[in-house]
Each structure stands twice: as structure tokens, then as C-alpha cells.
Amino acid sequence: MTRLIAALLLAVATTTSARAAETTEGVRAVVGAPRGAPITGPDLDARAKEAAALLRCPVCQGLSVADSPATMAVKMKAEVREMVAAGYDQDQVLAYFERSYGEFVRLKPPLRGVNWLVWLAPLMGLLIGGAFVAWTLRGAKAATPPAMTQVPVGVDALPEDTALVPYVLKVRELAYGWPGGVRPKVERT
Amino acid sequence: MNRTVLGAGLALALPLLVVLFANLGRDPHAVESPLIGHAAPAFSLSPVDGGPAVSLASLRGRPVVLNFWATWCIPCIEEHAALASAAGRAGNDAQFLGIVYEDEAAQVQRFLQERGKAYPSLLDGDGKTAISYGVYGVPESYFIDAEGTIVAKFVGPLDPSTLEAHLALARGQKP
């Protein structure tokens, strides 16, 4: 019985390692040989997590592979970890997943082609908006009427209807304190 | 002043409207597979009911229909009959293969016993094959020509005529 279990375990182990070799071949066919040396330990954990955080979980809504508990994301995380352990760098890991899932799988769009718009559009929006605000403020300033003097403009004018003239003069005398309703001559110094 | 404001508003809004209307009929989840026109990723997987592993390389020379599926997936159950009958009709001219996606071997075996098994279904326990093909969900079908190049990908349940049309592409016939 023990022997049977041992044989079974051995068989499982052999097929698993055979499968691992096969996958490495598949990865190699897409992104070539690893650029770095194999890594282990906390360094591996940190780098695998970093790479997984840049991959979009294909079955989620806007979640990274690192953050998602979905089965698919867990399997992708394992694949990322395996690649990083073999010495593949972040670019190679992302390129491998991009090959099958397309650029959509990258949470951070690479700076190429039309993607430049994503980075430049906010800046351009800010510039255009700023220019518009400056232009509007300047226009508003130009349109502001000159500050009111103490006596409103046109107050010296008299109505065409001569019958009204005495009343207007009377109002001015009362309102402004001008003797006879006529503006006194101001001495300018 | 008003004309300028109107002009500026239109200049900002028009490109947005164009983008909106150009994409209204598009499914935002339908991302075209970058693998089309490229070599199908290799795999060697064990059939769900035992026996030697099946590798894609061993099928070179015949078109291959690769169907990712699971027993918990309702559309997969819907397309099962269409796939089985097409596989029967194709005989040795084309190889149909199922790849089990996030499911248990026992469940899959029971399903195939009940509904009929026309071609092998392979286990992809660690999901590496699904990942290498860029599978988003099931069902997804890949049509591979005799040279091992992916010629088409179909997302969702296949009906008999869609299946025939895609299989014709894999056979190298013009649609």
C-alpha cells in the first residue's frame, strides 16, 4: 500500500515537472530566455507582487491580478510567480500576458502610439482651460464700467422740455446741495 | 463673444460625440484576440478520463477546434450538441478538443457520460493553457488550421452554422 502511494506520488511529481518544463517552453517561445538569474525568497515575493499588480484580472472589473481573489487571477498570480522565479523581468512577464490577452491586460498603458493621448490629454485640458479662464477674466475686466464718480455722468444735462427745467434744477439743488441746481465750478490743482 | 463660446464648446464636444457614436454598437468587453494569425500556444494535457496526454503538436496536419468549457457554464451546455454533431461529421478531417476550465474531473466525466462524449476533453488544472490562449471566460473556441495557426476565436455558445463557418476558415476555405 505504502509502495503504491509512493509510486503514485512519484508519478504525479514527474507529470507536474514535465508540465512545468512544457510551460517554460511556452513562455520561452513568446518572450525568449529570462533576462535575469533565478530568484527566491522575499525578493521573489516582492517582485512577483509588483508584476501582478500591473496586470488586469480578465474576469474582474478593474481589479489587478494581485488584488483579485478570483480563481483565474490566482492562477495568473502563480504563473507570474513562476516566471519571476525563473528570472524573467517585469517587462517580459507583462509581454507574455499581453501576447495572449492583448494590451488590455496592462493596467498601466505603455507609452506608445495613441496611448500618449492618455498621458497628454489631461495636461492639454489644463492648458486650454487655463487659457480660457485667463481670456474670460481679461474680457470681464475690459467690460467693467469706469468707477462711479460722486456725481453720476450726464447730471449736467437738461431736458429738452423747457417746462421741466426748473424742476430738474430744484431736484439737483436738493439732492446735491448745488446752489440753484447748477454744479459749482471745481478748482483743479 | 457668444459665437466664440459656442465654437469652443463645439470644438470640445464634437470629438467626444464622434467617439461616443462610433463605439455605441461595440461591446466593451469584446477584446480581439492578438493571437489570431499567430502560432497556437503549445500544450500537452491529460484527458479527463485518463489515457496518454494529448499535445497540440501531435495534431499538426489537421484543423483543430479548441473549446474551453465547464459543466457549470450554461452556454457551454447549450453548444454541446452542436459541437458533438460537428465533430461526428468532421470525422478524421478535423480534431475537436475540449479544455476544461475551472471544473472538477469527476463532474466533467459525469456530464460527458450523460450527454455523450464525441471528442476528448483535457484537464488544465493550473490554468496555464487557458492563460496562454488569453481565455476571459467560457465558452471560448479557437479555430486552428493544419499548420498550427490560430485563424479565429469565437466567444460565446456556437450554433451549427457559426461553427461550420469557422471550421471552414480553419480548413483554409475562404468564407
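The values are calculated or read from the model by the stated rules, or taken from the named source; none is laboratory data. Keep in mind it's a predicted model, so treat the numbers as computed, not measured. With ideal geometry, Cβ positions are generated from the backbone for all residues, glycine too; neighbour counts draw on all protein chains shown.
Within the range B:152-165, work out how many residues are touching a residue at least 60 places away in the same chain (Cβ under 8 Å), more than 27 Å from A:T24 (Cβ to Cβ) and either in contact with a strand residue (DSSP E or B) (Cβ under 9 Å, 6 or more places away or on another chain) or within 14 Å of chain A (Cβ to nearest Cβ) (or both). Before the answer, list the steps.
Residues of the range B:152-165 touching a residue at least 60 places away in the same chain (Cβ under 8 Å): B:152-153, B:155-160, B:163-164.
So of that shortlist, the ones also more than 27 Å from A:T24 (Cβ to Cβ) come out as B:152, B:155-160, B:163-164.
If we keep only those that are either in contact with a strand residue (DSSP E or B) (Cβ under 9 Å, 6 or more places away or on another chain) or within 14 Å of chain A (Cβ to nearest Cβ) (or both) too, we end up with B:152, B:155-156, B:158, B:163.
Looking only at that region, the number is 5.
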Output yes when any residue across the range B:84-96 is touching a Ser or Thr at 6+ places or on another chain (Cβ under 9 Å) and at pLDDT 95 or above, and no when none is. no
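Counting residues that are touching a helix residue (DSSP H, G or I) at 6+ places or on another chain (Cβ under 8 Å) and not basic (K, R), which helices (runs of 4 or more DSSP H) fully inside the range B:73-162 reach at least 2?
In the range B:73-162, B:74-90, B:128-133 are the helices (runs of 4 or more DSSP H) which contain 2 or more residues that are touching a helix residue (DSSP H, G or I) at 6+ places or on another chain (Cβ under 8 Å) and not basic (K, R).
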- Message: Considering only the range B:128-136, I want to know if a residue exists there that is under 24 Å from A:F104 (Cα atoms), touching a residue at least 40 places away in the same chain (Cβ under 8 Å), surrounded by fewer than 22 Cβ atoms within 10 Å (Cβ to Cβ) and within 11 Å of chain A (Cβ to nearest Cβ).
- Response: yes
Taking the range B:36-66 and keeping only residues that are under 15 Å from the mean Cα position of the chain (by Cα) and within 17 Å of B:R171 (Cβ to Cβ), one is left with B:I36, B:G37, B:A40, B:P63, B:V64, B:V65, B:L66
Of (1) touching a helix residue (DSSP H, G or I) at 6+ places or on another chain (Cβ under 8 Å); (2) without any contact (Cβ under 8 Å) to a residue 60 or more places away in the chain; (3) not in a loop (DSSP other than H, G, I, E, B), B:F68 fails just (2)
Check whether at least one residue in the range B:39-53 is assigned to a helix (DSSP H, G or I), loosely packed, with under 10 Cβ neighbours inside 10 Å and out of contact with any strand residue (DSSP E or B) (no Cβ under 9 Å at 6 or more places or on another chain), and report yes or no.
-> no
Wholly inside the range A:21-102, helices (runs of 4 or more DSSP H) that include 2 or more residues that are away from every other protein chain (no Cβ under 12 Å) and within 15 Å of B:V135 (Cβ to Cβ) are none
Of the residues in the range B:137-152 that are out of contact with any Pro (no Cβ under 7 Å at 6 or more places or on another chain) and over 17 Å from B:H80 (Cα atoms), the one that is surrounded by the most Cβ atoms within 10 Å (Cβ to Cβ) is B:I150
Looking across the range A:19-51 at residues that are surrounded by 12 or more Cβ atoms within 10 Å (Cβ to Cβ), of a type outside the set (S, T, N, Q) and modelled with pLDDT under 60, the single one that is farthest from A:Y88 (Cα to Cα) is A:R19
Exactly one of B:L35, B:L24, B:L12, B:L16 is within 13 Å of another protein chain (Cβ to nearest Cβ) and either small (G, A, S) or part of a loop (DSSP other than H, G, I, E, B) (or both), and that one is B:L35
